[in-house]
Amino acid sequence: MDIRFELERMERILNDIEKLRCSESAAVTEYRIWDGKKEDGAVCDTGEWRQAQIDTPWKGTDQHRWYRTKIQIPFSMREKHVEFWISTGREGQWDATNPQMLFYLNGKIIQGIDVNHRRVLISKNAVSGEEYDIALYAYSGTVEGDLMIHTGIEALDEQVNQIYYDFMVPVQAVKVLMKDKKDDARKILLKLQNAAKTIDLRMPYSTQFYESVHKAGLMLKKEFYTTELENIPKVSGIGHTHIDIAWLWTVEQTREKVIRSFSTVLRLMDQYPDYKFMSSQPILYHFVKEQEPEMYEEIKKRIAEGRWEVDGAMWLESDCNLPNGESLVRQILKGHKFFKDEFGKESKSLWLPDVFGYSAALPQILKKCGIPYFMTTKIAWNQYNQLPNDTFLWKGIDGSEIFVFMPTTCNYDRTLGENISYSETRNTTTYTGIINPNMLLGTYERFQNKDLTEDTLMLYGYGDGGGGPTREMLECADRLKYGLPGIPKIQLESEQEFFDRTYANIASKEEMPTWDGELYFEYHRGTYTSMSKIKRYNRKSEILYEQLEMLSSMSSLLGIEYPRRVIDNGWNTILLNQFHDIIPGSAIESVYTQSENEYEEILYEGSDTVQTLASQIAETVYSSKQSIIVINTLGYMRDDIVEVDTQGAYIASGLIDQAGNHYEIQYISENRFLFFAKQLPPTGWKTFYIQRGEKPESLKNKWNYEFENDFYSVRFNKDMQIESLYEKKSQKEFIKENRLGNVLTTYEDRPMNWDNWDIDAYYKKKKYDYDGISDTKVLESGPLRTVVETSYKFLDSTVTQKVCLYKNLPRIDFVNHADWKTHHVLLKVNFPVQINTKYATYEIQYGNVERTTSNNHSWEVAQFETCGHKWADLSENGLGISLLNDCKYGYGIKDGEMSLTLIKSGTYPNENADIGMHEFTYSIYPHDRRWQEANTVAMAYNLNVPCINVLHQGNETGSQPQEFSLVSCSQKNCFIETMKEAEDGKGWILRMYENSNTRVKADIKLGREAESVMECDLMEHDLKQHKCDHKRFQAWFEPYEIKTFRINWA
C-alpha cells in the first residue's frame, strides 16, 4: 500500500467530522453581573446587579466576578444532548494562571471551568422550553490583557461524537508512528481504510450520513476496539490533578481551585464509570469540608466505592530539604489522622511529584510511619545526570529501604506535544500527562527498567493549578485500553493497585537496583536560600514549638494544663508554610505577606505560652531567696551562656548555685546581664541564687583585633576578616596560607531559567567585594564576652555584623543584620580552611550525610550547592571545623572552601524577594578530634535553642527541687529530640535518634516513676514493652535509628 498522503487524508476526514460534532449552537450573551465575591451569588436576588453583555472586555487581574443568566431550550434542540460552552480566548494556554470559573446550574455546583474544561452537560434529552438558571463564579486569573468571554449552548451529536473519537485515536497513533515506526503506522492505516471509505460526508445529518457513520463505527470497533492486543506493553494511568497550595496564587485562591477541580472530577465520574481518580494532600479535603459540605459528602461516597483514591501520607506536599525531622513526622501524623478519621483509609505511598530534593532521612521516616512506597517525578529535571533507574529500592542513612516507582510520563515525539505544562522541559517527565498515543508511547519508551517489568506508570490530568483529567482523555482511554500496533495499551487503575502489584512482582528480583543515600536534586539550588525571612521563621517556629512541647511535658507533672490548642495552632501554621512552593521561596509576594503574619502570630503566642509555663514551673520550685531558674529543654547536660533581663527589678553582682559554685556576670545593658551557666540538667531546670552587691563595671579593653581563650586564638584584619585561627588542643592553624576567613562576597545571580529557584554553576564568574566598610566598634568588652561591630556596604545594601567572642565557649558567633536593597545578587560568606578530607558532613533530619568535596565526575560537580541544617563540618583524624547557623540551609563546600549562602534576591515570581531586613547568625567552631567526639551536634543545638530563664522571688514552701531533669540519656549520641502529649492523649511521647552512625545500648533515666514504657512507631502505634525500674529503662539504638517511646507516668 502506498501510504504517501494517507495520513494527511485521514486528518482531513477527521477534521471534517470534528466540525459536525455540534449540530446546532446558540450564543448566550445577556447577563446580570456582580463584581467581587459574594457567598450566595449563585442563588441570591440579582435585582441590584448590573446588566451587561458577557463579551464586554474584563480588564484587570486577580479579580472575582459573578455572572447570572437564564437559558431556555429552543424547540430545535428538543430531545438532544445539550451542553453549555464557554470560551475566554485563552484556549491552548497554561490553565493554572488563566481564567477559571465555577459553574452552577439551578443554584447547584456542577463543575469547574478553565481553558481545558469548557463544556458542561445541561441535559442528555433536552425538553423544549425548559428553563435553567446559570451562574458563573469567575476568577480572572493573573495573565495580563483584556479577557473576552463568550458563552452559548449547543446540541452535541452523540453519534458523530463517538465516531470522531473512534477515528481520532488511530489517526493520532499513525501520526506518532510515522517518524520511525512506519510498519506499525502502515498496519493502522490499512485498518482505517474501509471506515474512511464508508463515511459519507456529502450531506451531513441526513439519513444516508447517519447510516454511513453507523457502519463506519462498526468497522472501527471490529478493527480496533473489540479485543485487547496481546503481548504489547501496558501503561497504568492514574487520574490526578496537582494542586499547589500556593505558588503563583495564594492559599485563599487554592481554596477555590480545589472546589473547581474536585467538582469536575465528580461530574466526570457520573459520565464515565471506569474513571478512577487519586488526589493527595488532606489539607485540600479539609478545605472542601469547610466550604462545600455537600460536595464533601459526595466525595466520601466515591471514596467508599473505590473510585476516588486518597493517599500521599503528608498533610500537604511538603518540601523535604528544609523542614526538620519532627516537622516531616508531623506532616505524616496529621495527614494520616485526617484520612483515617474522615474516610477510614490509611496511606501507603508518599506522593511528592513536584518537590525539590529528597532527604536521606525519608526512607526510615516512611518505614516507621508504615508507608512502604514513594512516588516522585521531579528529579527527572536534573541538570547534569539522570538517575539510571525509574524504579528501585531507596536506602536511607539507617539502612531502611522503601520501594520507589517514578512515572515516566512524557511525549514520544515532542514536536507533536499537546501538554501545556511547566513540568516538561528538556528530557524530563511530567505529572500532568494527557492520554493519547504520543504520551503512552513516550511513557513506555522513557522507562529504563524494562528488564524488570514492562508495566509503566503515567499520571494524567492537568495540574499545578488544578483542573484534572478531561472527557477527551477519558474517551481516548476507553479506546486505547485495547492497544494499537506500536502503541502500548492503557489500564486505568488506582495508585495502590499499581504499587502493590508491581512491588510484589519485582521487588524481590535479584536484579532489583538500590539507590543508597539522598536523592539530590540537581536543580533549584537557590530554594535553600530564597526568601530567607520565611526560612528564619520556619527554623525559629520549629524550635519554639518543640521547646513548648518539652516545657509542657515538664509542667504537666506539676498538674499544669497541657496547652493543646496553642501547640496545634502553631504546628498547623508551620506545616502549611512548609509547602514546596512556600518555604523554598518560589511563590508570589502576597503569599509571603500572609505567611509572615501567620508566623508572627504563632511566635508571639508560643513565646508567651513558654514564658507563662516557665513562670508556673518556677513558682513550684523551693528557693530560700531571690533566684534565677534556668530551664534547659535540650536532652543533655549543658554549659552555655544565659542572658537575663532584670527588668529593673534588682541589681546582682553575681550568682551562686546550690553546690556553692560562684558565677561571674557581665552586664550588657542597663537591665540585662549574661552569665555562663554550668551543668544545666537535661530537659530540666537549675536554680541560681542572686548575690547582691555593687554592679560590676564593664571592662574598657582596647580592641587590637586579636582574641584568645582556652580553646583558640584568633587574629582579624582591620575589616574583621580572619587572618589566623589557631586551635590549641590540636595546635593547628585552620585558615589557608595567604587567605582570609569570614569574607563576605556578592556574586551576580542571573540563572538560566527559574529566577528565585536556581543558582547556576557559573555564578562564581562574576563576584563583587564590599564597596565600603565602617570603623570597627567595641560594643561589649567584659569577662565573659567581647562583641565587635562592623558594617559593610554592597552598593546600597548594608550588612552590620557583630563578632561575638566568648571566654568559655570554643565557637565564634557572627550576628548579622542586613538591610538588603539589591536584586540578582548572592551574598555568601567563605572560610578557606586547611583540612585534609574528601568528605564534608552536613546535618539533615534525624542525622547527617557525607558529601564529597571533590569534582571528579559530573555527579560531584552538580553538588556545588547543597542543603544542610544547623551545621556542616570538615574533619580529618584529630581535628576539624564546623560551620554553624541559626536559619540558613545553602552550603557550598569544595576543596577546603567552606561557604554559606546568606541572601539570594531574585525577582521572579516575587519581584521583591529578599529585599528588606534580614537577621541571621553563623558561627565557626574549630575543634580537636572529629565532629562526633567534639560534640558538634550539641554546639549547633546550643546556638539555635536558647535557655529559658525566670526571675524567682523565692518560695520556701515550693514542692519541687532546685534541680530537676525530666529525661536524660547515658549516650551522648542518642539525642532527645522532643517530648509531647500522645496524639490520642494516652501518655507522653518521647522521640530520640542516634546521630553518629553507632550501635549503642542506652540507659534512659526519667524524672519520676513510670507505670509503663512502650516503644512505638512514628504513628504512635505500640510495638513492644520496655521494662522500667527505678525510673530507668534501656534501649538498643542502631546507627541513625529514630526511636519513639510512649511513657505513662505512675
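With the condition being touching a helix residue (DSSP H, G or I) at 6+ places or on another chain (Cβ under 8 Å) and either among the basic types (Lys, Arg) or at pLDDT below 95 (or both), I'd like the strands (runs of 3 or more DSSP E) fully within region 933-1050 carrying at least 1 qualifying residues. I'd like the intermediate steps shown before the answer.
Numbers: elements: 948-952, 963-965, 967-969, 974-981, 988-994, 1000-1006, 1010-1016, 1022-1026, 1032-1037, 1042-1049.
So the answer is 948-952, 974-981, 988-994.
Scanning region 842-888 for residues that are among the aromatic types (Phe, Trp, Tyr), surrounded by 24 or more Cβ atoms within 10 Å (Cβ to Cβ) and touching a Gly at 6+ places or on another chain (Cβ under 8 Å) returns a single hit, 846.
Would you call residue 126 farther than 30 Å from residue 412 by Cα and small (Gly, Ala, Ser)?
yes
One residue stands out in region 27-48 among those that are surrounded by fewer than 16 Cβ atoms within 10 Å (Cβ to Cβ) and in contact (Cβ under 8 Å) with a residue 60 or more places away in the chain: the one that is nearest to the chain's Cα centre (by Cα), namely 43. Selection of first residues in region 204-218 that are closer than 10 Å to residue 163 by Cβ and of second residues that are part of a helix (DSSP H, G or I) and of a type in the set (Asp, Glu), restricted to Cβ pairs under 7 Å at least 6 apart or on distinct chains, gives the following pairs, ordered by first then second residue: 217/166. Filtering region 273-307 to residues that are hydroxyl-bearing (Ser, Thr, Tyr) and surrounded by 19 or more Cβ atoms within 10 Å (Cβ to Cβ) leaves 275, 279, 280, 285. Considering the conditions (1) more than 25 Å from the chain's Cα centre (by Cα); (2) surrounded by 23 or more Cβ atoms within 10 Å (Cβ to Cβ); (3) assigned to a loop (DSSP other than H, G, I, E, B), residue 906 is excluded by exactly one of them, (1).
Each row is one residue, and each column tells you yes or no for (1) within 18 Å of residue 317 (Cα to Cα); (2) modelled with pLDDT of 95 or more; (3) in a helix (DSSP H, G or I); (4) not polar (S, T, N, Q).
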position	(1), (2), (3), (4)
389	no, yes, no, no
407	yes, yes, no, yes
421	no, no, no, no
426	no, no, no, yes
429	no, no, no, no
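Here is a list: 750, 811. Which entry is in the same structural domain as residue 824 (by TED's automatic domain parsing) and touching a helix residue (DSSP H, G or I) at 6+ places or on another chain (Cβ under 7 Å)? Before the answer, list the steps.
Numbers: 750 fails: touching a helix residue (DSSP H, G or I) at 6+ places or on another chain (Cβ under 7 Å).
Result of the check over 750, 811: 811.
Each residue in region 276-296 was checked for being under 20 Å from residue 375 (Cβ atoms) and part of a loop (DSSP other than H, G, I, E, B), and 3 pass.
Scanning region 976-1028 for residues being of a type in the set (Val, Ile, Thr) and within 26 Å of the chain's Cα centre (by Cα) gives a total of 3. Scanning region 73-83 for any residue that is touching a Ser or Thr at 6+ places or on another chain (Cβ under 6 Å), surrounded by 20 or more Cβ atoms within 10 Å (Cβ to Cβ) and under 29 Å from residue 170 (Cα atoms) turns up at least one such residue.
Of the strands (runs of 3 or more DSSP E) lying entirely inside region 765-834, those containing at least 3 residues that are under 34 Å from the mean Cα position of the chain (by Cα) and either free of Cβ contacts under 8 Å to residues at least 60 places away in the same chain or within 29 Å of residue 711 (Cβ to Cβ) (or both) are 797-806, 812-820, 825-832.
For residue 123, are the conditions met, namely being among the small types (Gly, Ala, Ser) and either under 30 Å from residue 220 (Cβ atoms) or without any contact (Cβ under 8 Å) to a residue 60 or more places away in the chain (or both)?
It is true that residue 123 is among the small types (Gly, Ala, Ser) and either under 30 Å from residue 220 (Cβ atoms) or without any contact (Cβ under 8 Å) to a residue 60 or more places away in the chain (or both).
From the list 333, 328, 352, the one residue that fits, being over 23 Å from residue 979 (Cβ atoms) and either touching a residue at least 12 places away in the same chain (Cβ under 8 Å) or in contact with a strand residue (DSSP E or B) (Cβ under 7 Å, 6 or more places away or on another chain) (or both), is 352.
When 943, 951 are checked against the criterion of being within 36 Å of the chain's Cα centre (by Cα), farther than 21 Å from residue 397 by Cα and touching a residue at least 60 places away in the same chain (Cβ under 8 Å), 943 stands alone in meeting it.
Every condition in (1) in a loop (DSSP other than H, G, I, E, B); (2) in contact with an Asp or Glu (Cβ under 8 Å, 6 or more places away or on another chain); (3) closer than 22 Å to residue 848 by Cα holds for residue 345 except the one numbered (3).
Condition check ((1) part of a loop (DSSP other than H, G, I, E, B); (2) among the aromatic types (Phe, Trp, Tyr); (3) over 24 Å from residue 282 (Cβ atoms)) across all residues:
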| position | (1), (2), (3) |
| --- | --- |
| 530 | yes, no, yes |
| 541 | no, no, no |
| 553 | no, no, yes |
| 559 | yes, no, yes |
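Just checking, does region 467-488 include any residue being crowded, with 19+ Cβ neighbours inside 10 Å, part of a helix (DSSP H, G or I), more than 31 Å from the chain's Cα centre (by Cα) and among the small types (Gly, Ala, Ser)? Among the residues of region 467-488, at least one is crowded, with 19+ Cβ neighbours inside 10 Å, part of a helix (DSSP H, G or I), more than 31 Å from the chain's Cα centre (by Cα) and among the small types (Gly, Ala, Ser), which makes the answer yes. For region 734-761, enumerate the residues that are surrounded by 15 or more Cβ atoms within 10 Å (Cβ to Cβ), on the phi < 0 side of the Ramachandran plot and over 27 Å from the mean Cα position of the chain (by Cα). Matches in region 734-761: 734, 735, 736, 739, 740, 741, 743, 744, 745, 746, 747.
Restricting the search to helices (runs of 4 or more DSSP H) fully inside region 140-257 and requiring at least 2 residues that are among the basic types (Lys, Arg) gives 182-198, 207-224.
The residues listed here are 346, 294, 298, 309; of these, the one that is within 22 Å of residue 568 (Cα to Cα), in the same structural domain as residue 375 (by TED's automatic domain parsing) and modelled with pLDDT of 95 or more is 346. The set of residues in region 230-272 that are buried (at least 24 other Cβ atoms within 10 Å of the Cβ) and of a type in the set (Asp, Glu) contains only 244. Please enumerate the residues belonging to region 976-1010 that are more than 22 Å from residue 564 (Cβ to Cβ) and exposed (fewer than 15 other Cβ atoms within 10 Å of the Cβ). 998, 999, 1001, 1003, 1009, listed by residue number.
The values are calculated or read from the model by the stated rules, or taken from the named source; none is laboratory data. These numbers were taken from a predicted model, which means no experiment stands behind them. Counting neighbours? That spans all protein chains shown, and the Cβs are built from the backbone with ideal geometry, glycine included.
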